[in-house]
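Colleague: Structure below; questions to follow.
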Amino acid sequence: MKRIWLPALLAFVLAFGSGCGARMNPPGDSSNEDLTVIGMSQVGAESDWRVANSESMKAVFTEEKGYRLLFDDARQKQENQITAIRRFIQQQVDYIVLMPISESGWDSVLQEAKEAGIPVILVDRMVDVEDDSLYAAHIGSDFFKEGALAAAWIENAFQETGNAVNIIHIQGTMGSTAQLGRTAALEEAAAAHENWELLAQLDGDFTQAKAYEVMVDYLSGLPGRRRIDVVYCENDNIAFGALQALEERGYDCGREGVNIVAFDATRGALTECLKGKISLAVECNPLLGPLVEEVIQVMEAGGTPEKHRYVKERAFTREDLTEALITNREY
């Protein structure tokens, strides 16, 4: 499903020479027409997970493999993503790959892509739209299931205590699929356990700096040193920020102190888990490039891809880890 890419711009470049912008081939060279053009809108580079996700995409969608990748970094702003999608539509790309910042606010621009005949593939997070035909497929994680794994671990870790389990919850980007799923799982578990107390729900925005800031503010506002049993961090970078804030204020982190629960299981988090600083690291696999290519290959062949595809993931404690496992991890 190849398009003749940017015919008006090509004519302009041929007439006036090649200035700034995409490289164009000389007359008679049709190699650009043989490439499948992918317009990709990425959330940003706010976390180790996000960087690994982008690298996975860039490694798959290369010219050597028959693709031209137009990669846009939205810098954590949904309006930048909407602008990028409209630009991709104008450029007549073959496919749009979208990592949506939040779930809402996509109906109009995705309708524009549909009317232009450009399939949209969602990666990582979902969108909340009235018409699910506005996207061709979704590839990502079951974020509620991830949260349920973490909640089950907390339940098992504190099942023999009759005391209250004091939990601080640091959330990711509000309204994103990962935040909604992981938050719902914890809140559901907390409602089912009378001795679980959510001391605070803080907005960490999936970044280490923001998590450190809100954790410092929270701890500084306590009238005294309160016992904290669990800090439920909705990604690894939030966990790193929380860990720094806690240790700076004299808290011991680990099974005998504050249990930090993290999501993503990047090498950095697994290293802290092996040291005993992070008690549980729930995996969220960012290496989704090959799965996105599979969806595109199905559509290139005239088929209909699976609407939702979730990757298999697991959870790690210190006992599950070795230096070799962490070293050989791809992210």
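Colleague: Output the residues belonging to the stretch 60-79 that are assigned to a helix (DSSP H, G or I) and either without any contact (Cβ under 8 Å) to a residue 12 or more places away in the chain or open to solvent by 70 Å² or more (accessible area, probe 1.4 Å) (or both).
Modeller: Glu63, Glu64, Lys65, Glu79
Colleague: Residues in the stretch 236-247: is at least one at negative phi, out of contact with any helix residue (DSSP H, G or I) (no Cβ under 8 Å at 6 or more places or on another chain) and either modelled with pLDDT of 95 or more or among the β-branched types (Val, Ile, Thr) (or both)?
Modeller: Yes, some residue in the stretch 236-247 is at negative phi, out of contact with any helix residue (DSSP H, G or I) (no Cβ under 8 Å at 6 or more places or on another chain) and either modelled with pLDDT of 95 or more or among the β-branched types (Val, Ile, Thr) (or both).
Colleague: Sticking with this structure for a sec: If I filter the stretch 311-325 for residues that are in contact with a helix residue (DSSP H, G or I) (Cβ under 8 Å, 6 or more places away or on another chain), of a type in the set (S, T, N, Q), open to solvent by 10 Å² or more (accessible area, probe 1.4 Å) and closer than 21 Å to Val51 by Cα, do I get at least one hit?
Modeller: No, the conditions are met nowhere in the stretch 311-325.
Colleague: For the stretch 281-310, give me each residue that is of a type in the set (S, T, N, Q) and loosely packed, with under 11 Cβ neighbours inside 10 Å.
Modeller: Thr304
Colleague: Taking into account only those residues within the stretch 188-207 that are of a type outside the set (A, V, I, L, M, F, W, C) and in contact with a helix residue (DSSP H, G or I) (Cβ under 9 Å, 6 or more places away or on another chain), which is nearest to Ile101 (Cα to Cα)?
Modeller: Asp205
Colleague: Please find, within the stretch 36-51, the residue that is nearest to Thr207 (Cα to Cα) out of those that are in a loop (DSSP other than H, G, I, E, B) and not charged (D, E, K, R).
Modeller: Across the stretch 36-51, the extreme among qualifying residues is Ser47.
Colleague: Next up: For the list (1) closer than 23 Å to Leu98 by Cβ; (2) free of Cβ contacts under 8 Å to residues at least 60 places away in the same chain, I need the number of the one condition that Ala281 fails.
Modeller: So Ala281 meets the others, but not (1).
Colleague: Then there is this: Within the group Asp142, Asp124, which residue is on the phi > 0 side of the Ramachandran plot and either in contact with a strand residue (DSSP E or B) (Cβ under 7 Å, 6 or more places away or on another chain) or of a type in the set (Ser, Thr, Tyr) (or both)?
Modeller: Unique residue meeting the criteria: Asp124.
Colleague: With respect to Thr161, is the statement that it is without any contact (Cβ under 8 Å) to a residue 60 or more places away in the chain, open to solvent by 10 Å² or more (accessible area, probe 1.4 Å) and more than 30 Å from Thr317 (Cβ to Cβ) true?
Modeller: Against the criterion (without any contact (Cβ under 8 Å) to a residue 60 or more places away in the chain, open to solvent by 10 Å² or more (accessible area, probe 1.4 Å) and more than 30 Å from Thr317 (Cβ to Cβ)), Thr161 does not qualify.
Colleague: A follow-up question, please. Hey, any hits in the stretch 95-115 for a residue that's closer than 21 Å to Gly303 by Cβ, modelled with pLDDT of 95 or more, in a loop (DSSP other than H, G, I, E, B) and not hydroxyl-bearing (Ser, Thr, Tyr)?
Modeller: No, the stretch 95-115 contains no residue that is closer than 21 Å to Gly303 by Cβ, modelled with pLDDT of 95 or more, in a loop (DSSP other than H, G, I, E, B) and not hydroxyl-bearing (Ser, Thr, Tyr).
Colleague: Based on what the data block shows, is Ile170 within 17 Å of Phe263 (Cβ to Cβ) and in contact with a helix residue (DSSP H, G or I) (Cβ under 6 Å, 6 or more places away or on another chain)?
Modeller: yes
Colleague: Among residues belonging to the stretch 208-245 that are open to solvent by 30 Å² or more (accessible area, probe 1.4 Å) and under 24 Å from the mean Cα position of the chain (by Cα), point out the one that is farthest from Ser102 (Cα to Cα).
Modeller: Per the stated criteria, the residue is Gln244.
Colleague: Taking the stretch 32-51, which residues are of a type in the set (Asp, Glu) and farther than 17 Å from Gly140 by Cα?
Modeller: The answer is Glu33, Asp34, Glu46.
Colleague: Can you go through Arg249, Arg182 and tell me which one is in contact (Cβ under 8 Å) with a residue 12 or more places away in the chain and open to solvent by 10 Å² or more (accessible area, probe 1.4 Å)?
Modeller: That would be Arg249, the only listed residue that is in contact (Cβ under 8 Å) with a residue 12 or more places away in the chain and open to solvent by 10 Å² or more (accessible area, probe 1.4 Å).
Colleague: Also, quick follow-up: Could you tell me how many of the residues in the stretch 140-153 are more than 19 Å from Ala211 (Cβ to Cβ) and open to solvent by less than 20 Å² (accessible area, probe 1.4 Å)?
Modeller: Result for the stretch 140-153: 3.
Colleague: crowded, with 22+ Cβ neighbours inside 10 Å and assigned to a helix (DSSP H, G or I) - does that describe any residue in the stretch 116-137?
Modeller: no
The values are calculated or read from the model by the stated rules, or taken from the named source; none is laboratory data. Keep in mind the model is a prediction, meaning the values are calculated, not measured. Cβ coordinates were reconstructed from backbone atoms using ideal geometry, including for glycine residues, and neighbour counts include every protein chain displayed. The area values use the complete protein model at the heavy-atom level, side chains included, leaving out ligands, DNA and RNA. Shrake-Rupley method; radii C 1.70, N 1.55, O 1.52, S 1.80 Å.
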